[in-house]
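> Have a look at the structure that comes next, please.
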Amino acid sequence: MALQNITTPQPSADPEAIKAAIIAKQNNQFRAALILGINTTVPGKVLITPGVVAEGPTFLAMLQIAVATFDTFTEDNDPYGDHTFGLVKVCETQVYWKIDLYDEDYQFGSEEPENPEKTRRVLTLLLPSEY
């Protein structure tokens, strides 16, 4: 008797988890553009605090690479699964990065954060002392 391939019906995916996964993918693309220097379909801006700027241009270049390639997300640092926050260490200096999702005019929170046509990202790089 041959065994048949039996599939178990999967419960429908949680809409919020799907939304978070879409946002996470877009946030990763936006961060990757920091080092790739490409125009992505994920629009936004980068803000760098005075404390981070004071570390100098070499530090900033290394920080861009660290933020763009960050992939150590856990439930502790990414409880919603949307990849909007991270902590990196460059030259023994810790730096937070945070992505906020705004409307097209950068005035309010986005009503459709998973829609890149209606959402603008702001990636802020800051020292923990500036938080």
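The values are calculated or read from the model by the stated rules, or taken from the named source; none is laboratory data. What you see is a predicted model; the values in this text were computed from it and never measured. Because the Cβ atoms are built from the backbone with ideal geometry, glycine has one as well, and the counts that use them run over all protein chains shown.
> Within the stretch 61-87, how many residues turn out to be surrounded by fewer than 15 Cβ atoms within 10 Å (Cβ to Cβ) and farther than 23 Å from Ile22 by Cα?
Residues meeting the conditions: 1.
> Among the numbered conditions (1) charged (D, E, K, R); (2) closer than 21 Å to Asn115 by Cα; (3) at pLDDT 95 or above, tell me where Asp14 comes up short.
(3)
> Do we have any residue at all in the stretch 36-44 that's within 19 Å of Arg121 (Cα to Cα) and part of a helix (DSSP H, G or I)?
Step one: filter the stretch 36-44 for residues within 19 Å of Arg121 (Cα to Cα), giving 36-44.
Pick out the ones that are also part of a helix (DSSP H, G or I) and you get 36.
Among the residues of the stretch 36-44, at least one is within 19 Å of Arg121 (Cα to Cα) and part of a helix (DSSP H, G or I), which makes the answer yes.
> Follow-up. Out of (1) at pLDDT below 95; (2) in a helix (DSSP H, G or I); (3) surrounded by 13 or more Cβ atoms within 10 Å (Cβ to Cβ), what's the single condition that is false for Ala21?
(1)
> Can you tell me which residue among Glu130, Glu55 is in contact with a helix residue (DSSP H, G or I) (Cβ under 6 Å, 6 or more places away or on another chain), of a type in the set (Asp, Glu), surrounded by 13 or more Cβ atoms within 10 Å (Cβ to Cβ) and touching a residue at least 24 places away in the same chain (Cβ under 8 Å)? I'd like the intermediate steps shown before the answer.
Working: Glu55 fails: in contact with a helix residue (DSSP H, G or I) (Cβ under 6 Å, 6 or more places away or on another chain).
Among Glu130, Glu55, only Glu130 is in contact with a helix residue (DSSP H, G or I) (Cβ under 6 Å, 6 or more places away or on another chain), of a type in the set (Asp, Glu), surrounded by 13 or more Cβ atoms within 10 Å (Cβ to Cβ) and touching a residue at least 24 places away in the same chain (Cβ under 8 Å).
> Right, another one. Being free of Cβ contacts under 8 Å to residues at least 24 places away in the same chain and more than 12 Å from the chain's Cα centre (by Cα) is the filter; apply it to the stretch 65-86 and report the residue that is farthest from Ala24 (Cα to Cα).
In this case the residue turns out to be Asp76.
> Restricting to strands (runs of 3 or more DSSP E) lying wholly in the stretch 45-131: which have 2 or more residues that are basic (Lys, Arg)? Spell out how you get there, then give the answer.
Working: elements: 85-90, 93-102, 120-126.
Those strands (runs of 3 or more DSSP E) span 120-126.
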